[in-house]
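Here's the structure, in structure tokens; my notes come after.
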Amino acid sequence: MFRSLLALLTCATLTACVDRSVTETLPEALRFGTPATVFASTTRAREPDGSYGFRRAEALRYLEMTISIPPNHTAGTLDFSYADPNPKKEFVLADVTEFSGPQGLRSRLKGVDDVVLFVHGYNATQTETAFRAAQLTHDVGVPGTTFIYSWPSQARGTGYAYDLDSMLFARDGLENTIRSLKAMGVKRVIVMAHSMGGALTMEMMRQAELREPGWSKRNIEGVVLISPDLDVDLFRSQMQSIKSLPDPFVVMVSKKDKVLGLSARLRGTSDGQRLGNITDAETLTEFPIKIIDTTAFSNDAESSHFVAATSPALLTLLSSARRVSSTFGPDRPAIDVLAPPSLTNPSGATEIVLTESGATQVTSP
């Protein structure tokens, strides 16, 4: 049973059987595509060939990557490149620079106000994460600087247990990344975490709070958990340790998330629920969070486990919401784009259900 569920998870998260460990750097891709800069910190060990795989490293490394977004790109789609990249049709890695330490990164981030820090989930490579972060921030039109925290996922469907251990291993690296960004003068750090990355984000904030109460709100200006692969009871326990939450704190869920349903079955959960596919938001009303239900957009999404990034209709809605927001302007913080005030601040509402018509139905506790 366990092996069959892992096989289903693999099929649910991959689109083709390719060697995902292969990444080619193709500078000439920029002749065809639009460049996007993605910075990274990683606790992946550097391999002899210069790549960053699944082995764990104690020290953080900092990088700058240039991604080529293909000319035919449409919102909600992401064609990954591996061997023999095609820059006319695929996202391609055009350049990689590794800094000798945080000093090099400091000079590149001088004067930066906003950093959107993307934390990937289970079964992800470093390059795939950079592609996804570039795609999502490009499609929504997020201002500021795109940054990823790349923790040592095995990037295999059968690597779920390894990734769970790696997620816990990676807590210090994520906390130190945020500390470094703030020390460099970044005004606002917005954490956007997907799937198991949501569990990592919560664990990181919990451990920081136990040492320094109030740390999370002082150092993080917004949190968006997308389809978090996290037990609801564990989430409640973590929240009890975080006395002052970053504001806003948004959880994006979908009741049709197939991967989270499988994840729950792996754990023997009878109702098949994780935080990212919760069906009753009222169980969390004591927490000052916004739960955005994206279920209505699952049908047109390429991935039921990443509706926020793969549903063209939802991406259009989010982009429109930030354009029409009365508080949005050319210098607005990135969090107002990722979670527009028109969706997240209606008179104390706890749950917001997005509908296909573009309207929002607000459910108050």
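Observations
- Of the set (1) in contact (Cβ under 8 Å) with a residue 24 or more places away in the chain; (2) touching a strand residue (DSSP E or B) at 6+ places or on another chain (Cβ under 8 Å), all apply to GLY76 but (2).
- Residue pairs meeting the criteria (Cβ under 6 Å; at least 6 apart or on separate chains; first within 17 Å of PRO246 (Cα to Cα), in region 283-299; second surrounded by fewer than 16 Cβ atoms within 10 Å (Cβ to Cβ)): THR285/PRO365
- Some residue of region 266-289 being over 15 Å from LEU234 (Cα atoms), part of a helix (DSSP H, G or I), of a type in the set (Asp, Glu) and open to solvent by 40 Å² or more (accessible area, probe 1.4 Å): yes
- Failed condition for ARG20, given (1) over 21 Å from PHE147 (Cα atoms); (2) open to solvent by less than 30 Å² (accessible area, probe 1.4 Å); (3) charged (D, E, K, R); (4) not in a loop (DSSP other than H, G, I, E, B): (4)
- From ARG132, ARG171, residue being touching a Leu at 6+ places or on another chain (Cβ under 7 Å), more than 23 Å from SER216 (Cα to Cα) and of a type in the set (D, E, K, R): ARG132
- Counted residues, region 276-297 - those being within 16 Å of LEU260 (Cα to Cα) and hydrophobic (A, V, I, L, M, F, W, C): 1
- Breaking point among (1) more than 22 Å from the chain's Cα centre (by Cα); (2) part of a strand (DSSP E or B); (3) among the polar types (S, T, N, Q), for THR37: (1)
- Residues of region 67-93 that turn out to be in a strand (DSSP E or B) and farther than 16 Å from ILE148 by Cβ, as a count: 2
- Pairs with Cβ under 7 Å, 6+ apart, first in region 155-170 and without any contact (Cβ under 8 Å) to a residue 40 or more places away in the chain, second acidic (Asp, Glu): LEU168/GLU203
- Subset of region 245-259 that is under 20 Å from LEU314 (Cα atoms) and among the hydrophobic types (A, V, I, L, M, F, W, C) - its residue that is modelled with the lowest pLDDT: VAL259
- Check on THR42, in contact with a helix residue (DSSP H, G or I) (Cβ under 9 Å, 6 or more places away or on another chain), crowded, with 19+ Cβ neighbours inside 10 Å, modelled with pLDDT of 95 or more and at negative phi: yes
- Count of region 225-249 residues which are under 22 Å from SER304 (Cα atoms) and surrounded by fewer than 21 Cβ atoms within 10 Å (Cβ to Cβ): 2
- No other residue among PRO87, PRO71 is of a type outside the set (Phe, Trp, Tyr), surrounded by fewer than 22 Cβ atoms within 10 Å (Cβ to Cβ), in contact with a Lys or Arg (Cβ under 7 Å, 6 or more places away or on another chain) and modelled with pLDDT of 95 or more apart from PRO71.
- Among the residues of region 118-126, at least one is open to solvent by 10 Å² or more (accessible area, probe 1.4 Å) and assigned to a helix (DSSP H, G or I).
- Yes/no for ALA130 being part of a loop (DSSP other than H, G, I, E, B) and small (Gly, Ala, Ser): no
- Some residue of region 148-159 being part of a loop (DSSP other than H, G, I, E, B), among the hydrophobic types (A, V, I, L, M, F, W, C) and within 18 Å of ARG46 (Cα to Cα): yes
- Residue that is farthest from the chain's Cα centre (by Cα) [pool: residues in region 216-233 that are under 22 Å from VAL142 (Cα atoms), in a loop (DSSP other than H, G, I, E, B) and in contact (Cβ under 8 Å) with a residue 60 or more places away in the chain]: GLU221
The values are calculated or read from the model by the stated rules, or taken from the named source; none is laboratory data. Because the structure is predicted, anything quoted here is derived from the model rather than measured. Every residue, glycine among them, receives a Cβ derived from its backbone with ideal geometry; neighbour counts consider all protein chains shown. What goes into the accessible areas is simple: the full protein's heavy atoms, side chains included, and nothing from ligands, DNA or RNA. Shrake-Rupley method; radii C 1.70, N 1.55, O 1.52, S 1.80 Å.
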